[in-house]
Amino acid sequence: MRILHLAMVPPEPPTNGHRLRCRSLLQALVHQGHRVSLLSYAGREEAAAPPPELARLCEEFQLLPEPQENPAWGRLVSLASPRPYGARRFTTAAMRAAVTEKLKQGFDAILCEDIYMAGNVPPDCTLPLLLNKHDITYRIVGQFVRGEHNWLKKLYGRLEHGKIRRLEIAACGAAAVVLACSDWDKELLAQDCPGANFAVLPNVVDVAAYTPANGDDGQTVLFAGAMDWLPNQDGAEYFLDQIMPKLRQLTPRARFVVAGRNPPRKMLRRYGGIPDVHFTGAVRDMRAVIAQAAVCAVSLRIGSGTRMKILEAGALGKAVVSTTLGAEGLGLRHGEEVLLADDPRSFAEAVAALLKDPALRQRLGRAARARVERDFSQAVLQARLAQALAALSGDHTRKERPMAVTR
């Protein structure tokens, strides 16, 4: 098949979970002999000097400048629009023109990276659409709204939640195949869109590229994730404010490391001077940072989809303590492949127990590695992808999509 891939960011370099999922999917497509052309937004530096790995993932690629807009102004303007802010921002005249021109070359299907890129597809396009769902966006916004205390932000969040939910349901119903990242996400989406055609393509890691580390320092607790993403900001602050004080009482030598790009300045001002807290900033290869950690903490209270940070930690044989929401969709067994804790005291006690017991860390790490090898490897993704593409062999032309008329 010849596939046109529409993305908000390039899959290389794989610096966050979104890029990692895209890269794994493109690798699987290439492995199965499909030809992929990529149209993606990119930052100025990426567009000027594209990573050479892109040429190995795609038959051809074109990187357009990412939309530049003051977020506050953009959100204000979006109040009067039936579309959510993200859809309005990522649906641009430049991308629509590039898609229209590219489609003249002849393709068999369009692979769209989630709902915000779908508005760039011409309304009269009849090609089947594969909608790659990294998460359920309206669930994330709903969680934010429930936890927000500022009444203006809460009101705005409620408005966005309704818009996003309508768009998400419309997009799933119009796609030929919705590529959910877990059975959990598939079931939740199917409740709102029972007529959609779903396939589960799990988030995976290339386990051969992850060699479990033999040791650790016995005191570093790692939170890994892009820090310009609200759920990660909330998760790190939750650990620092509510878990870390209790952990210090249980094991004074513990050290908390936050690894990920663009931590907010207010977060650095608030926590950067604390002796047992360290922010790494952007990390080119997260594997090296994870390998040094004794415990990986996934203290998330907001989020959807499945977390690449848990899969990467498991592939490196690291013990993980997570909230139930943080490990959602992976099916990991508490006490065997992960430790789950949903209140600050329990979370601190779980981390402390692991820091004090190297044998327990190793046992959990080995079990997590085995589970990743079995259920979250590239081979599993390739098999699921083949099944999903087989669904396009029948009459699955692109359906009429309500979101296409609300530009």
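Restricted to the range 183-281, the set of helices (runs of 4 or more DSSP H) holding at least 1 residues that are hydroxyl-bearing (S, T, Y) and crowded, with 16+ Cβ neighbours inside 10 Å comprises 230-238, 265-271.
Counting only residues that are surrounded by fewer than 24 Cβ atoms within 10 Å (Cβ to Cβ) and not small (G, A, S), the range 291-311 holds 3 of them. Among all residues of the range 139-151, there is at least one that is more than 23 Å from the chain's Cα centre (by Cα), surrounded by fewer than 21 Cβ atoms within 10 Å (Cβ to Cβ) and not in a helix (DSSP H, G or I). Between H18, H34, the distinction of being touching a helix residue (DSSP H, G or I) at 6+ places or on another chain (Cβ under 9 Å), at pLDDT 90 or above and surrounded by 15 or more Cβ atoms within 10 Å (Cβ to Cβ) belongs to H34 only. Kindly establish whether F107 is assigned to a loop (DSSP other than H, G, I, E, B) and closer than 28 Å to A379 by Cα. Here the answer is yes, as F107 does meet what is asked.
The values are calculated or read from the model by the stated rules, or taken from the named source; none is laboratory data. Since this is a predicted model, take the numbers as computed values, not measurements. No Cβ is skipped: glycine too gets one built from the backbone with ideal geometry, and neighbour counts run over all protein chains shown.
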